[in-house]
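A short write-up of the structure that comes next.
The values are calculated or read from the model by the stated rules, or taken from the named source; none is laboratory data. Since this is a predicted model, take the numbers as computed values, not measurements. Methodologically, a virtual Cβ is constructed for each residue, glycine included, from the backbone with ideal geometry; neighbour enumeration extends over all protein chains shown.
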Amino acid sequence: MNSLAATRRLFEATDLEPVLARSVTVLGSTGSIGVSTLDVVAHARKAYGEHAMPVEAITAQGRVDDLIAQARAVRPRLAVIGDDRHYAALKEGLAGTGIEAAAGRAAIIEAAARNSDTVMVAIMGAAALEPALAAVARSATVALANKECIVAAGGVFGRALANSAAAVIPVDSEHNAVFQVLNGESAKEVEKVTLTASGGPFRDKTLQDMAVATPEQAVAHPNWSMGAKISVDSATLMNKGLELIEAHFLFALPPEKLDVLVHPQSIVHCLVSYEDGTTLAHLSAPDMRTPIAHALAWPRRISSPSRRLDLAAVGQLNFRKPDHERFRCLGLAMQAMRTGALAPTILNAANEIAVDAFLNRRIGFLDIARVVEETLSESPEANTPADTLDGVLAADKRARELAEGVCRRAVN
Ligand code: NDP
Ligand code: MG
């Protein structure tokens, strides 16, 4: 990304102090990534002193009690709750602390726009797009966990980056791994980037099993503990499809240079193969606190509370090709990546609606792929260029309405 070289020069030659003094805003602090981020911050304060990693702002959507407890523990200047019905509770919970309280969607975007060195974008879904763009516009360092905003608006996001001095450090484990392997070099001599997929809880299940899978079974991921939406995406392999599109935009890699391998142990996170036959891999225990700590301290490294890799205990590393017949979402995402234009926006919006309908028991597990496929084929604008934020937001809205209609038909 554009200003990575400048950021690297600024911090590489110095000791850790300037890195630890960088202030952090955490968008989506009450979620799985948000909690892990605050754990990394708490660990840094224990390891390096209470002054480490001052927190500017934290935001949540509905879990106001969790937000209050987090604010009292990490002492940000500002805490924001997206759902403004919780404003009174937030204000009362923070009384006497000196921490500012705010509520509503606009306040979340303002929190991202407020002065801090790093913004961790850990909101779920395309709802992260405008807050992430607000951080980019003021040239913050953006630690990007959210993938839906890149899938929905990769071109718009890329142009916003080119027009600012912002740097993006990917947090999604596979992309953080690719970022580390590339180490600032261009991807020009790269022949292929392979992202690994655990295969999720239904890796070895039959289509008959999957047809009757419950939300509880789908979110019970074998290796990672994550929010409900991404857990379902892992079970359908849509998560890996979204990640291919994310890598396509983040590293400017054409679709034919991107590949997926199922790797049940989730130890190798990426493989980068070069034109001379070299393949470099990135390994770590499956614990998001590792890429989070890397992103918060880049280009230095800090002590992190994450699990350590014990290869002797793991014993074996296995790899196999994904099964496109059982996991149709992966192929749908690959097709949308090749189509480009608004197809990834529509794919992402339809998937968000379908996953929500599945989690609320309105459609079956295998219907998720059906909803995404039918929404894409019913969308006349899949081939329209995704040039502007307004165009992307309008397509996202229309795709959600279409997908709702397909969900309703799926149960009738
Ligand atoms: P969670 O569902 O656990 O947390 C989501 C966070 O976003 C919560 O703080 C939630 O608030 C907030 N939020 C939800 N909806 C909105 C909204 N409309 N506007 C503002 N804030 C909102 O998700 P995860 O932490 O699992 O994932 C976050 C992002 O990171 C996703 O894009 C995911 O794909 C990506 N990611 C996650 C990984 C993981 O291991 N979990 C790994 C790699 C990427 P509240 O708690 O109040 O509802
Ligand atoms: Mg990932």
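So that you can scan it fast, the table gives a plain yes or no per residue for (1) in contact with a Gly (Cβ under 9 Å, 6 or more places away or on another chain); (2) closer than 27 Å to K205 by Cα:
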{"site": "I302", "(1), (2)": "no, no"}
{"site": "L309", "(1), (2)": "no, no"}
{"site": "A313", "(1), (2)": "no, yes"}
{"site": "F327", "(1), (2)": "yes, yes"}
{"site": "A333", "(1), (2)": "yes, yes"}
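In the set (1) assigned to a helix (DSSP H, G or I); (2) aliphatic (A, V, I, L, M); (3) crowded, with 21+ Cβ neighbours inside 10 Å, the condition left unmet by A73 is number (3). Would you say A220 is closer than 25 Å to D287 by Cβ, away from ligand 1 (no atom under 12 Å from the Cβ) and surrounded by fewer than 22 Cβ atoms within 10 Å (Cβ to Cβ)? The answer is yes for A220.
Select the helices (runs of 4 or more DSSP H) contained entirely in the stretch 207-307, then report the ones holding at least 3 residues which are within 16 Å of ligand 2 (Cβ to nearest atom) and modelled with pLDDT of 95 or more. Break it down stepwise before answering.
Numbers: elements: 207-211, 215-219, 228-236, 238-250, 289-297.
Counting at least 3 such residues, we get 228-236, 238-250, 289-297.
All conditions but one from (1) of a type in the set (A, V, I, L, M, F, W, C); (2) under 30 Å from L283 (Cβ atoms); (3) crowded, with 24+ Cβ neighbours inside 10 Å apply to V372; the one that does not is (2). Just one of the listed residues (E56, E50) is charged (D, E, K, R) and in a loop (DSSP other than H, G, I, E, B), namely E50. Within the stretch 240-251, residues that are under 8 Å from V151 (Cβ atoms) reach partners that are near ligand 2 (Cβ under 10 Å from one of its atoms) and acidic (D, E) with beta carbons closer than 7 Å, at six or more positions or on different chains, in the pairs L242/D233; E246/D172. Within 14 Å of ligand 1 (Cβ to nearest atom) and over 30 Å from A44 (Cβ atoms), is that true of M238? When the stated conditions are applied, M238 passes them.
Only residues that are in a helix (DSSP H, G or I), in contact with a strand residue (DSSP E or B) (Cβ under 8 Å, 6 or more places away or on another chain) and either among the aromatic types (F, W, Y) or more than 16 Å from ligand 2 (Cβ to nearest atom) (or both): list them for the stretch 177-205, please.
Answer for the stretch 177-205, where residues must be in a helix (DSSP H, G or I), in contact with a strand residue (DSSP E or B) (Cβ under 8 Å, 6 or more places away or on another chain) and either among the aromatic types (F, W, Y) or more than 16 Å from ligand 2 (Cβ to nearest atom) (or both): F179, L182, A187, E189.
The requirement of being hydroxyl-bearing (S, T, Y) and surrounded by fewer than 17 Cβ atoms within 10 Å (Cβ to Cβ) is fulfilled nowhere in the stretch 15-38; no residue meets it.
Considering the stretch 55-79 alone, what residues qualify as being under 18 Å from G125 (Cβ atoms) and either touching a Phe, Trp or Tyr at 6+ places or on another chain (Cβ under 7 Å) or among the polar types (S, T, N, Q) (or both)?
To start, the set of residues in the stretch 55-79 that are under 18 Å from G125 (Cβ atoms) comprises 59-63.
Passing the criteria: T59, Q61.
Mind checking whether some residue in the stretch 111-124 is of a type outside the set (A, V, I, L, M) and within 15 Å of ligand 1 (Cβ to nearest atom)? Within the stretch 111-124, not a single residue is of a type outside the set (A, V, I, L, M) and within 15 Å of ligand 1 (Cβ to nearest atom). Here is the figure for the stretch 6-47: residues that are hydroxyl-bearing (S, T, Y), in a helix (DSSP H, G or I) and away from ligand 1 (no atom under 16 Å from the Cβ) total 1. Look at the stretch 162-182: where a residue is closer than 23 Å to R138 by Cα and within 16 Å of ligand 1 (Cβ to nearest atom) and a partner is in a loop (DSSP other than H, G, I, E, B) and of a type outside the set (S, T, Y), sitting 6+ places away or on another chain with Cβ atoms under 7 Å, you get V168/M1; I169/W298; V171/A145; D172/A145; D172/K147.
Residue-wise test of (1) touching a strand residue (DSSP E or B) at 6+ places or on another chain (Cβ under 8 Å); (2) within 14 Å of ligand 1 (Cβ to nearest atom); (3) more than 27 Å from L359 (Cβ to Cβ).
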| residue | (1), (2), (3) |
| --- | --- |
| V232 | no, yes, no |
| L244 | yes, yes, no |
| L250 | yes, yes, yes |
| L258 | yes, no, yes |
| V262 | yes, no, no |
| A297 | no, no, yes |
| S304 | no, no, yes |
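When you check L195 against the structure, is it crowded, with 17+ Cβ neighbours inside 10 Å and either at positive phi or within 13 Å of ligand 1 (Cβ to nearest atom) (or both), yes or no? In short, yes.
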